[in-house]
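**Student:** Below is one structure. I have some questions about it.
The values are calculated or read from the model by the stated rules, or taken from the named source; none is laboratory data. On a predicted model such as this, the values are computed, not experimentally measured, just so you know. Every residue, glycine as well, gets a Cβ built from its backbone with ideal geometry; the counts of neighbours run over all protein chains shown. Keep in mind that these areas ignore ligands, DNA and RNA; they rest on the heavy atoms of the full protein, side chains included. Shrake-Rupley method; radii C 1.70, N 1.55, O 1.52, S 1.80 Å.
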Amino acid sequence: QPWTLSSPDQFLPEPPPAYDSEQLAAEMEELRNFEQTPFTNSRAFYWEYGGGSRFNNQNWNNIAGRLILQARWDDNAPRSAQTYALLNIAAYDAQVACFHAKYTYWAIRPFQYDPEYTPVVPTPNHPSYPAAHSCHTTAMAAVLADLFPLEADVLLAEAEEAGESRIWGGIHFRSDIVAGEALGFDVANLVLEQGTPR
C-alpha cells in the first residue's frame with residue numbers, strides 16, 4: 001500500500017529488452033568486458049554490504065541527519081521531521097513501485113543469461129529489472145537534493161554510484177539501472193510535490 005502513488009504501477013517502466021534481443025546481448029557484453037579494479041570491487045561490496053541493501057535506509061537517514069545538523073535545523077523539529085518523513089516515504093514508495101515492476105516483468109539476471117559469467121557479489125534472489133538500488137537510492141538522494149540544494153551534486157553522484165556498483169558487481173544489466181533511476185526520480189518528484197509546501 002503506497003503513501004503517495006495512486007497505484008503501485010503508476011510509474012511502471014517500459015518492458016525490459018527481450019532476453020534474445022540484440023540490446024540485451026550488447027548489455028551482457030558490457031558486463032563481460034568490464035575491467036574490474038580494486039576500486040570498483042570495493043565499491044560494489046560497499047553498496048552490497050555497507051551502504052546498500054539492508055543498510056540502505058540507515059545510510060541515507062544518517063546522511064539526512066548530518067545535513068540537518070549542517071543546516072542548523074536541529075532546533076527546528078517540524079522541518080527536521082518533515083525531512084525524515086519525505087525521505088522515508090520516497091524510499092518506501094520507490095520500493096513498492098520497483099518490486100511491482102520486477103514481478104510484472106520477471107527479467108533474468110546476467111548469470112542466468114550466461115551461466116559461465118561469474119558476478120563479483122552474490123546475485124539477489126529476485127528479478128533483475130528495474131534495479132532496486134537505482135530505484136531506492138535515486139529516490140532518497142533526489143529528495144535530499146531538493147531539500148539541501150547546495151549538496152545536490154554530491155547526493156546525486158552518490159546515488160549514481162550505487163547504481164553503477166550493480167554493473168561493477170555483475171548483477172544487473174545497464175537497462176536495469178536506467179529504468180531504476182528514472183523510477184526513483186519520478187517517485188521523488190511526486191513525494192516532494194505532495195509533501196513540500198511551495
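**Student:** Pairs under 7 Å by beta carbon, first residue free of Cβ contacts under 8 Å to residues at least 40 places away in the same chain in the stretch 1-28, partner surrounded by 13 or more Cβ atoms within 10 Å (Cβ to Cβ) and not in a loop (DSSP other than H, G, I, E, B), six or more apart or different chains?
**Tutor:** Hits for this filter: Ala18/Leu24.
**Student:** Among the residues in the stretch 56-69, are any in a loop (DSSP other than H, G, I, E, B) and open to solvent by less than 100 Å² (accessible area, probe 1.4 Å)?
**Tutor:** no
**Student:** Hey, can you tell me all the residues within the stretch 29-42 that are free of Cβ contacts under 8 Å to residues at least 40 places away in the same chain and open to solvent by 80 Å² or more (accessible area, probe 1.4 Å)?
**Tutor:** Scanning the stretch 29-42 gives Asn33, Glu35, Pro38, Phe39.
**Student:** Now, a different point. From Thr104, Thr138, which residue is part of a helix (DSSP H, G or I) and open to solvent by less than 40 Å² (accessible area, probe 1.4 Å)?
**Tutor:** Thr138
**Student:** Kindly evaluate Val121 against the criterion of being open to solvent by less than 30 Å² (accessible area, probe 1.4 Å), under 19 Å from Arg43 (Cα atoms) and hydrophobic (A, V, I, L, M, F, W, C).
**Tutor:** When the stated conditions are applied, Val121 passes them.
**Student:** Right, here's the next one. Return the residues of the stretch 43-55 that are over 18 Å from Tyr92 (Cβ atoms) and either open to solvent by 10 Å² or more (accessible area, probe 1.4 Å) or among the charged types (D, E, K, R) (or both); say none if nothing qualifies.
**Tutor:** Within the stretch 43-55, Arg43, Phe45, Tyr46, Glu48, Tyr49, Gly50 qualify.
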